[in-house]
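The values are calculated or read from the model by the stated rules, or taken from the named source; none is laboratory data. Just so it is clear, the structure is predicted and the values come from calculations on it, not from any experiment. Using ideal geometry, Cβ is built from the backbone for each residue, glycine included, and neighbour counts are taken over all protein chains shown.
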Amino acid sequence: MNIIEIKDLSFLYSEEEGLVLRDINLNIEKGEWVAILGHNGSGKSTLSKLIVGLLEKKSGSIIVNEKELCVGNEYEIRESISIVFQNPDNQFVGATVKDDIAFGLENQLLTREEMIKRIDYYSKKVNMHGFLNKEPHNLSGGEKQRVAIAGALAMDTEIIILDEATSMLDPRGKSEVIETIKSLQDGDKTIITITHELSEAVLCDRVIVLNKGRIVLDGAPKEVFKERELIVEAGLDILPTLKVLDKLEEENIDNDKLKEILWELSLTM
Ligand SMILES: Nc1ncnc2c1ncn2[C@@H]1O[C@H](COP(=O)(O)OP(=O)(O)OP(=O)(O)O)[C@@H](O)[C@H]1O
Ligand SMILES: [Mg+2]
């Protein structure tokens, strides 16, 4: 079942600047983990804001959970989606970390016990349990991102969108959070990870590459990463291991075993 169906979607902020998204066609299946990759300004955040109804499309349609998104039903649509925005400073509303995570849960009519259980569980998952009584604005960038992720996960929605949500985490923190997300996906959640780093897309089921508001690649990481020209054209950095692979080919070094190892490494980074 497609949990998200996007048909011929186009969008612009202003006539002078022109289209920011062009003819986007994208179906996402329930339980899929999709990475949306693209360079700065390619339209990734715009696409995510359209999906949650924060922006109004110019043409085309967006269907979430079999309901077409239109003016007036954004709130209903948002019951099944949680989103972590790109800039963690723009999403804190609570006086403490705990209040902040709780705030997102307030519309869900949970019992107090259930609310506390979720706050505890997800703050531990992102290693922020010791920070529950701290003021969000005093946290470091990476800590803010961890809290924002905990808040989104605690909502327990069917779809989770993470817009560069781990950009300020160090490599180990990133892997830990990615592992947490992966474990949730195994429990049937649909996850959209927005990033410009190929290494973050390696574990996903599917990678979509955006270039200037158009989808230029769509497939399993293994297939998409082979399209090195299109990836470079889209302004993205190919993985270091694949750069070595290219160099071997350029230099006519034929070592199949080495090539196989480099390829395997690329898909497990
Ligand atoms: N509120 C806005 N008003 C006008 N133009 C905007 C607005 N937000 C974004 N844009 C423009 O739309 C284009 C796409 O922006 P968007 O934020 O979706 O890109 P992105 O792929 O998320 O980039 P990044 O990797 O930097 O986050 C850019 O050219 C940007 O300048
Ligand atoms: Mg963005």
Scanning region 157-187 for residues that are surrounded by fewer than 19 Cβ atoms within 10 Å (Cβ to Cβ), at pLDDT 85 or above and among the acidic types (Asp, Glu) gives Glu158, Asp170, Glu176, Glu179
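For every residue, the table says whether it meets (1) more than 16 Å from ligand 2 (Cβ to nearest atom); (2) under 22 Å from Leu217 (Cα atoms); (3) among the hydrophobic types (A, V, I, L, M, F, W, C); (4) more than 20 Å from the chain's Cα centre (by Cα).
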residue: Asp8; (1), (2), (3), (4): yes, yes, no, yes
residue: Ser14; (1), (2), (3), (4): yes, no, no, yes
residue: Leu19; (1), (2), (3), (4): yes, yes, yes, yes
residue: Leu37; (1), (2), (3), (4): no, yes, yes, no
residue: Lys44; (1), (2), (3), (4): no, yes, no, no
residue: Leu47; (1), (2), (3), (4): no, yes, yes, no
residue: Gly60; (1), (2), (3), (4): yes, yes, no, yes
residue: Tyr75; (1), (2), (3), (4): yes, no, no, yes
Filtering region 68-102 down to residues that are within 16 Å of ligand 1 (Cβ to nearest atom) and assigned to a helix (DSSP H, G or I) yields Pro88, Asp89, Asn90, Gln91
Within region 126-151, residues being surrounded by 18 or more Cβ atoms within 10 Å (Cβ to Cβ) and in a helix (DSSP H, G or I) number 11
Restricting region 178-203 to residues that are within 16 Å of ligand 2 (Cβ to nearest atom) and not in a loop (DSSP other than H, G, I, E, B), the one nearest to Pro240 (Cα to Cα) turns out to be Glu200
For Leu9, the lone unmet condition from (1) under 14 Å from Ile208 (Cβ atoms); (2) within 15 Å of ligand 1 (Cβ to nearest atom); (3) surrounded by fewer than 17 Cβ atoms within 10 Å (Cβ to Cβ) is (3)
When every residue in region 21-50 that is over 22 Å from Glu68 (Cα atoms) and either without any contact (Cβ under 8 Å) to a residue 12 or more places away in the chain or of a type outside the set (A, V, I, L, M, F, W, C) (or both) is compared, the one farthest from ligand 1 (Cβ to nearest atom) is His39
